[in-house]
Amino acid sequence: MGEIKITLGSPQPKQVEFLEATQRYVCFGGARSGGKSWAVRFKALLMALSYPGIKQMIIRRSYVELTENHINPLRLETVGYAVYKDKDKSLCFPNGSRIKFSYCSNDGDTLQYNGQEWDIIYLDEAQQLKEEWFNAIKATNRGVNSFPHRIYITCNPGGVGMLWIRRLFIERDFNPEENPDDYVFIQSLVTDNFALMEADPDYIKKLESLPPAQRAAWRYGDWYSYEGRFFSEFRPSIHVIPHVDILPHWRRYRAIDYGLDMCAVIWVAVDELGHEYVYKELHEPNLTISDAAKKIIEMTNGEHIDMTFAPPDLWSRTKDTGRYIAEGFASNGVPLTKCNAERVGGWLSVKEKIKVIEGVGGEETARLRIVEGCTTLIKHIQLLEFSETRPNDASTEPHIITHICDALRYYCVSRQREANPLPKPMTESETLSQIKRKAIAASSGKNRRRRF
Ligand SMILES: Nc1ncnc2c1ncn2[C@@H]1O[C@H](COP(=O)(O)OP(=O)(O)O)[C@@H](O)[C@H]1O
Ligand SMILES: [Mg+2]
């Protein structure tokens, strides 16, 4: 039998780092055109040839992308050697190795992975995949064999998956069950892709000429400034303050977005000039109505709250008790005030309140600001993206970031009153004339009484 040669090409330094990484979760790229898909194909081939019988799966959001970026190029690269079976979208190697191509674009698509076992999984452009999908896919990364078990992730900033990728690989903010040593991020920018820079020197100019937020994300791999940010006016340096001294006569409000999946509440104080301060937040899943009410009361800590705004859906009946959710809150000590939940108008009210304005000293400020302890609101308001289908509305994905932003919207769209001005302390002469006025009134009163 004649020898068949597969020419793999030569990886570039950042791609070499990716190819050599042996952590359980390897994240590569973080910008446009850094050679991510190329590296995925190369690694998949390398593993297929090195470990006879290994089972690998390459996942992308859509079948079209999968075909263009992976199926067609890999078929070409292995022509005469591996056989592509269209029926089960697999590239089969003579040594028993297999690369399966899969796409995942809906919640239901993850059902196909139930009970499956894959030694190596590649998630190309993983920012397009939801965290729940990642978790479902992760559960299939196993096998009773001596092959390595790893997940390779490539991504750009942005997308519904940005939050989980950023947490694990950029912020490295791990949950107790996650081992930090399992995670590594290798950044590759377009400037690390020498092959592309040489073949198409003008390409980088296209990235350079993008609008600022998009350029920062795609050209420079900035995870905090990305395309589609809904509240582009929000700037931590302006809107986040270390703390606020709330005076007793200020008004205080709460706004709530309640569901069993998440109870999100904000507390807001308003001074006599109409400055608003979000000073406390609650963001907790799985709270029953009575537990949520109890928690809210505990956190309110005896403060007088003028009103608690809530969306009209809390006035629909629950299936089990037939009572309104709002009724449940009221009977547990948290009376609610119905607000308008119309989305586009509501978001405009939020934008009006966080609009950057000039302060008394000429500094940039905003009517509504958030105390830095409200970490969830500060984080989620910056992650909200534009809806792809409804103009001027925010995206409802990823769902987890919508709750506290909705609570802020319910607050902003409702009518609040500013605090009554405090009586001004009187000057000495004002005090004296007040005493005189009282004395005259008293004596004329006496006279009147005497006359009758
Ligand atoms: N090591 C390499 N050798 C030759 N060409 C490469 C190499 N790495 C990437 N390229 C080419 O650069 C271009 C962009 O790479 P790609 O992997 O598609 O980037 P990304 O997936 O990060 O957007 C493609 O045309 C690809 O073939
Ligand atoms: Mg790619």
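Can you name the condition, by its number, that residue 159 falls short on among (1) closer than 20 Å to residue 385 by Cβ; (2) assigned to a strand (DSSP E or B)?
(2)
The rows are residues; the columns are (1) at pLDDT below 95; (2) touching a Pro at 6+ places or on another chain (Cβ under 9 Å); (3) not aliphatic (A, V, I, L, M).
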position: 372; (1), (2), (3): no, yes, yes
position: 383; (1), (2), (3): yes, yes, no
position: 391; (1), (2), (3): yes, no, yes
position: 399; (1), (2), (3): yes, no, yes
position: 418; (1), (2), (3): yes, no, yes
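Output the residues belonging to region 213-234 that are over 18 Å from residue 35 (Cα atoms), modelled with pLDDT of 85 or more and surrounded by fewer than 18 Cβ atoms within 10 Å (Cβ to Cβ).
Correct list: 233 only.
Would you confirm, using the coordinates I've provided, whether residue 143 is part of a loop (DSSP other than H, G, I, E, B) and within 16 Å of ligand 2 (Cβ to nearest atom)?
no
Would you please list the contacts, defined by Cβ atoms under 9 Å and residues six or more apart or on different chains, that run from a residue in region 205-226 that is without any contact (Cβ under 8 Å) to a residue 60 or more places away in the chain and assigned by TED's automatic domain parsing to the domain that holds residue 168 to a residue that is part of a helix (DSSP H, G or I) and basic (Lys, Arg)?
Pairs found: 208/215; 209/215.
Okay, residues lined up against (1) assigned to a loop (DSSP other than H, G, I, E, B); (2) closer than 21 Å to residue 371 by Cβ:
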{"site": "206", "(1), (2)": "no, no"}
{"site": "210", "(1), (2)": "yes, no"}
{"site": "220", "(1), (2)": "yes, no"}
{"site": "254", "(1), (2)": "no, yes"}
{"site": "264", "(1), (2)": "no, yes"}
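Taking residue 356, is it surrounded by fewer than 19 Cβ atoms within 10 Å (Cβ to Cβ) and closer than 15 Å to residue 405 by Cβ?
In short, no.
Say we look at region 309-368 and pick out the residues that are in a strand (DSSP E or B) and of a type in the set (Lys, Arg); which of these is modelled with the lowest pLDDT?
Going through the qualifying residues, I end up with 317.
What tally of residues in region 321-341 results from selecting those that are loosely packed, with under 12 Cβ neighbours inside 10 Å and either aromatic (Phe, Trp, Tyr) or over 16 Å from residue 292 (Cβ atoms) (or both)?
1
Scan region 330-359 and report the pairs whose first residue is of a type in the set (Asp, Glu) and whose second residue is in a helix (DSSP H, G or I), with Cβ atoms within less than 8 Å and a gap of 6+ or a chain change.
From residues that are of a type in the set (Asp, Glu), the pairs are 342/413; 352/412.
The values are calculated or read from the model by the stated rules, or taken from the named source; none is laboratory data. Here the structure is a predicted model, which means the values were calculated and not measured. Cβ atoms come from the backbone with ideal geometry, glycine included; neighbour counts cover every protein chain shown.
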